[in-house]
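Below is one structure, written out as structure tokens; the observations come after it.
None of the figures in this text is laboratory data; all of them are computed from the coordinates on show. Source: prediction; values computed, not measured. All Cβ positions, glycine included, derive from the backbone under ideal geometry; neighbour counts span all protein chains shown.
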Amino acid sequence: MNNRGYYSQFGGAYLPEILVATFDELAAAFAAVKNDPQFWQEYQALMATYSCRPTPLTLAENLTRHFGGARIYIKREDLNHTGAHKANNVMGQGLLVKRMGKTRVIAETGAGQHGVATATMAARFGYDCTIYMGEVDVERQRPNVFWMEQLGAQVVPVKDGTRILKDAINEAFRDWVSNMDNTHYVLGTACGPHPFPEMVTHFQSIIGQEAREQIMAREGRLPARVYACVGGGSNAMGIFAGFMDDDAVELVGVEAGGRGLASGAHASRLCSSDAAIGVAQGYKTYFLQDAEGQMQETHSIAAGLDYVGVSPILSHLKETGRVRFEAATDREVVDSMRLAIRKEGLIPALESAHAFVQAFKEAPALAPDEALIINQSGRGDKDIFTVADAFEDPGWREFIIRKAAQYQA
């Protein structure tokens with residue numbers, strides 16, 4: 001990265017003039033804490049006592065036997081406080097907000113995990129909190145909306161555009177323009193204008209640092225491959241960061257293939273022909289857009305993966321060949337989630353299950369003395385409505401009908 005936040009041709013900060021001073025302030029504040037060992041120690045201590053760090057690296061013995069190839073390890077970010085890797089980033093930014101003297105935080109959320117994490121952080125530090133969430137996601141992630149509100153956050157349904165994550169980001173930026181003096185925007189993924197991609201990656205890199213130490217302690221060698229799902233890119237950048245300099249470790253990012261890449265109903269930016277390089281929401285990367293540069297609608301069974309863009313760092317890593325990208329369809333995701341539940345008693349989030357899909361496809365071709373790591377970036381209880389429908393569970397349907405009848409009575 002150069003000092004303007006570019007990773008080769010990707011990244012940068014394409015900002016309205018009114019936000020330039022705010023971003024300069026943020027970049028300076030982040031640069032100061034990034035180079036302050038005491039800040040990182042404070043951050044690690046907070047995550048150890050308030051969250052669940054280090055999160056375990058679990059050997060999936062049953063799945064390993066089932067596939068008969070490489071030893072399958074799972075990095076358990078689902079055990080982080082609030083149920084996902086999102087806490088790593090928001091607690092780091094919470095400490096940064098404290099140093100900057102701000103009193104209010106805002107955030108966008110799709111799957112709701114980032115919203116819950118931000119609301120939790122705000123409650124912990126005593127900040128006012130507003131969360132923007134697309135109206136579509138409010139409906140399909142109702143449990144997370146409930147918890148955000150109980151934590152004291154105001155949840156604002158966004159009714160513009162396609163009413164999903166990209167529209168929530170737009171609304172959050174509009175809020176920030178009007179409230180820059182006392183407000184910090186806790187962007188949830190490694191996207192957006194500089195310094196957000198670098199900053200989010202920095203806080204999430206704790207995943208990869210731990211995973212590298214843990215696999216060396218367990219196996220005495222590095223893994224052959226590391227798998228992570230890719231929406232915006234925060235969990236992927238987090239675990240990849242621990243192995244970026246290890247050329248022998250193949251890094252695999254798995255995007256949302258939706259109903260199939262040929263269908264157009266997907267959210268694959270880095271392994272489909274539907275994406276092109278463009279500038280939107282303050283940075284340059286691959287976006288799903290038409291020939292006129294208009295953003296296309298996306299689809300994924302996982303609310304957190306249907307973002308129209310992707311981290312500029314991952315776009316750079318695709319072009320350099322350091323990370324390989326694949327796509328998993330909704331059907332494959334549901335099947336892999338079911339297999340993980342039945343074989344290991346683990347319930348990955350629908351987002352995380354995308355990484356499981358590709359790892360399950362490739363594990364049998366690796367040697368039994370090799371290992372691979374899957375980043376389980378979140379837990380699946382937030383997805384209960386979507387998953388129960390996908391599993392076509394009759395007991396769940398009867399429960400919903402009965403509860404609806406009670407409310408109508």
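Quick one: of the DSSP bridges fully inside the stretch 204-358, what percent are antiparallel, nearest 5?
Values: 8 of 20 bridges.
Counting DSSP beta bridges with both partners in the stretch 204-358, the antiparallel share is about 40 percent.
Quick one: putting +1 on the C-beta of Lys and Arg, -1 on the C-beta of Asp and Glu, what dipole do you get for the stretch 279-399 around its Cα centre, in Debye to the nearest 20?
On the way: 12 positive and 20 negative charges, 74 e Å.
The dipole of the stretch 279-399 has a size of about 360 debye.
So if R0 is 22 Å, what FRET efficiency would Tyr407 and Asp381 give, r being the distance between their Cβ atoms, rounded to the nearest 0.05? Please list the in-between numbers first.
Details: r = 22 Å, r/R0 = 1.01.
Given R0 = 22 Å and the Cβ-Cβ separation, E is 0.50.
Under the rule of -39500 (n - 2.57) per DSSP H run of 4 or more residues, summed and divided by the residues of the chain, what mean residue ellipticity at 222 nm is obtained, to the nearest 500 deg cm²/dmol? Display every interim value, and only then the final one.
Details: 15 runs with 187 residues, N = 409.
Helices in the chain give a 222 nm mean residue ellipticity of -14500 deg cm²/dmol.
Hey, what do the phi angles of the stretch 246-261 turn into as Karplus ³J(HN,Hα) couplings, whole Hz, using 6.51/-1.76/1.60 and θ = phi - 60°, x for Gly and Pro?
Residue by residue, the stretch 246-261 yields 9, 4, 6, 8, 7, 9, 10, x, 10, 8, 7, x, x, 8, x, 5 Hz.
Between Tyr7 and residues 5 or more places away or on another chain, which pairs have amide H atoms under 5 Å apart, with H built 1.01 Å from N, and which residues are they?
Gly12
How much length, in nm to one decimal, is gained on full extension between Arg342 and Ile400, taken as 0.36 nm per residue of separation minus their Cα-Cα distance? Don't skip to the answer; put the middle values down first.
Numbers: separation 58, 0.36 × 58 = 20.88 nm, distance 2.39 nm.
Gain on stretching Arg342 to Ile400: 18.5 nm.
Under 5 Å between amide hydrogens, which residues at least 5 positions from Ala280 or on another chain qualify, with H placed 1.01 Å from N in the peptide plane?
Those lying under 5 Å, H to H, from Ala280 are Thr285.
What percent antiparallel are the DSSP beta bridges of the chain, to the nearest 5?
30 percent
Excluding same-chain residues fewer than 8 positions from Lys361, which lysines have a Cα within less than 20 Å of its Cα?
Lys75, Lys343
Note down the magnitude of the dipole of the chain about its Cα centre, charges +1 on Lys and Arg C-beta and -1 on Asp and Glu C-beta and zero elsewhere, to the nearest 20 debye. Intermediate results must be reported in sequence, preceding the final value.
Numbers: 39 positive and 49 negative charges, 143 e Å.
So the magnitude is around 680 debye.
Of Lys166/Lys318; Lys34/Lys98; Lys34/Lys284; Lys98/Lys159; Lys159/Lys382, which ones are farther than 26 Å apart at the Cα?
Numbers: Lys166/Lys318 22 Å; Lys34/Lys98 15 Å; Lys34/Lys284 24 Å; Lys98/Lys159 32 Å; Lys159/Lys382 22 Å.
Long pairs (Cα-Cα over 26 Å): Lys98/Lys159.
Helix by helix through the chain, keep the DSSP H runs that span 24 Å or more along the axis on Cα and average at least 1.0 on Kyte-Doolittle, and give those back in order. Numbers along the way, then the final one.
Working: long enough: 17-34 (26 Å, 1.21); 196-219 (34 Å, -0.40).
Going by DSSP H runs, the hits are 17-34.
Between Ala265 and Ile18, what is the FRET efficiency for a Förster distance of 51 Å, r being their Cβ-Cβ separation, to the nearest 0.05?
Numbers: r = 37 Å, r/R0 = 0.72.
Once rounded, the FRET efficiency stands at 0.90.
When a/c reaches 1.5 or more, the comparison of a/b and b/c decides; with that in mind, is the stretch 1-71 rounded, prolate or oblate per its Cα gyration tensor? Display every interim value, and only then the final one.
Values: a/c = 3.54, a/b = 1.76, b/c = 2.01.
Oblate, because a/c is 1.5 or more while a/b does not exceed b/c.
If you wrap a convex hull around the Cα atoms of the chain, how much volume per residue is inside, in Å³?
Working: hull volume 57.7 nm³, N = 409.
Per residue, the Cα convex hull of the chain comes to 141 Å³.
Mark the label point 7 Å from the Cα of Asp393 along Cα→Cβ and return the residues of the stretch 322-347 whose backbone N is within less than 16 Å of it.
Inside the label zone: 334-347.
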